[in-house]
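The values are calculated or read from the model by the stated rules, or taken from the named source; none is laboratory data. What you see is a predicted model, and the numbers here were worked out from it, not measured in a lab. A quick note on method: Cβ atoms are made from the backbone with ideal geometry, for glycine too, and the neighbour counts reach across all protein chains shown. Protein only, heavy atoms only, side chains kept; ligands, DNA and RNA dropped before computing areas. Shrake-Rupley method; radii C 1.70, N 1.55, O 1.52, S 1.80 Å.
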Amino acid sequence: PTGTEDDYFMAVIAADQKIEPRDWMPEKYRKNLIRQIAQHAHSEIIGMQPEGNWISRAPTLKRKAILLAKVQDEAGHGLYLYAAAETLGVDRAELSDMLIDGRQKYSSIFNYPTLTWADVGAIGWLVDGAAIVNQVPLCRASYGPYARAMIRVCKEESFHQRQGYEILHVLSHGTPEQKAMAQDAVDRWWYPSLAMFGPPEGESPNTAQSMAWKVKRFTNDELRQRFVDMCVGQAEILDLTLPDPGLVWNEAEGRHDYTQPDYDELFRVIKGNGPCNRERITHRKAAHEGGQWVRDAAEAYAKKKAKVSA
Ligand code: FAQ
């Protein structure tokens, strides 16, 4: 490379090549990635709770097996993402502590309760659907380990989205009570799903720099719009209504107009005051503490093995 390290770094970004763990990178780039990847990992792990709530109550054995597999996939995503974060020089145990004591965030969406079986369908369709729209561009993120993790994550999210869509399709074409349950779930999950994309332009302090570094490829609003446009046709096939009277096709713009989610509510939930924030963290803390003996045993075993082979 010629020029300074920073010139080389920016040239790699400009050429759409990947930055790898051993490459020089600006400290702010490293910090921004740790922030985003850790939040993303935490979201996957906390995201196991709302649906985990329904594993023991899934209506059939087949539904239960599918939901178990889905929730296990989320654990797997968390693990790839923690591993990707570790390539940036942080320790997973430290990240876990930061989640539990609130120094790091996780997605607002997982602070809403899952009241009925239809919520499992709505989460699959809308929450995993939003996750895919957000994460497909991250497969091209400039940081290699993050981008590569996203490729497998997106494939699995597609399966998750379809399983949710299928649950809702069965309910919405079932008895009037089942259809009402599906509609109620969509009514409750629609706006929180729109809020997953983050604050709008002007209130999103990380976007400009993140886009200049090609971590993010689109603004929060661009992806939110893409998601709305995608959902409209799918809702028609489901025969369910998206709960927004302002949702109309805008011919001139070639996109739908829609009502924005309540961003004050988003900020309240991010700050810890959503319906289930305390419950989620309490549960995570208990699970972490309950797993201490497994970590101790694994460490003791590794030490013993190292001694035998020495
Ligand atoms: N919730 O300046 P920006 C899943 C924070 S999918 C909580 O716009 P940025 C799959 C943001 O961190 C869900 N916090 O920030 C699944 C920042 O705070 P900070 C996880 C939010 O990073 C499905 C501040 O607000 N997906 O888990 C939210 O450029 C079903 C200002 O915002 C990802 O994490 C929010 N909704 O854009 C699992 C995707 N929105 O750190 C189980 C990767 C914003 O400055 C079951 N992440 N904040 O203190 C991203 O794409 C980005 O980080 C955004 C936010 C788009 C989330």
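Scanning the range 253-261 for residues that are hydroxyl-bearing (Ser, Thr, Tyr) and either within 30 Å of SER142 (Cβ to Cβ) or more than 13 Å from the ligand (Cβ to nearest atom) (or both) turns up at least one hit. May I ask you to verify whether ILE270 is part of a helix (DSSP H, G or I), touching a Lys or Arg at 6+ places or on another chain (Cβ under 8 Å) and at pLDDT 95 or above? Answer is yes for this residue. Residues in the range 170-188 that are closer than 18 Å to ALA130 by Cα and open to solvent by 10 Å² or more (accessible area, probe 1.4 Å): ASP187, ARG188. Of all residues in the range 56-84, those that are over 17 Å from GLU156 (Cα atoms) have Cβ atoms under 6 Å from Cβ atoms of residues that are open to solvent by less than 50 Å² (accessible area, probe 1.4 Å) and at pLDDT 95 or above, 6 or more apart or on another chain, in ALA58/LEU67; LYS64/ALA58; TYR82/ALA41; ALA84/ILE37; ALA84/PRO145; ALA84/TYR146; ALA84/ALA149. Taken over the range 1-38, the residue count meeting the criterion of being buried (at least 18 other Cβ atoms within 10 Å of the Cβ) and of a type in the set (S, T, N, Q) is 2.
Going through (1) among the aromatic types (Phe, Trp, Tyr); (2) away from the ligand (no atom under 16 Å from the Cβ); (3) touching a Ser or Thr at 6+ places or on another chain (Cβ under 9 Å) one by one, TRP24 falls short only on (3).
Within the range 273-289, one or more residues are among the acidic types (Asp, Glu) and more than 20 Å from TYR112 (Cβ to Cβ). Which of (1) farther than 30 Å from ASP7 by Cβ; (2) open to solvent by 20 Å² or more (accessible area, probe 1.4 Å); (3) touching a Leu at 6+ places or on another chain (Cβ under 9 Å) does ALA235 not meet, given it meets every other one? Answer for ALA235: the failing condition is (2).
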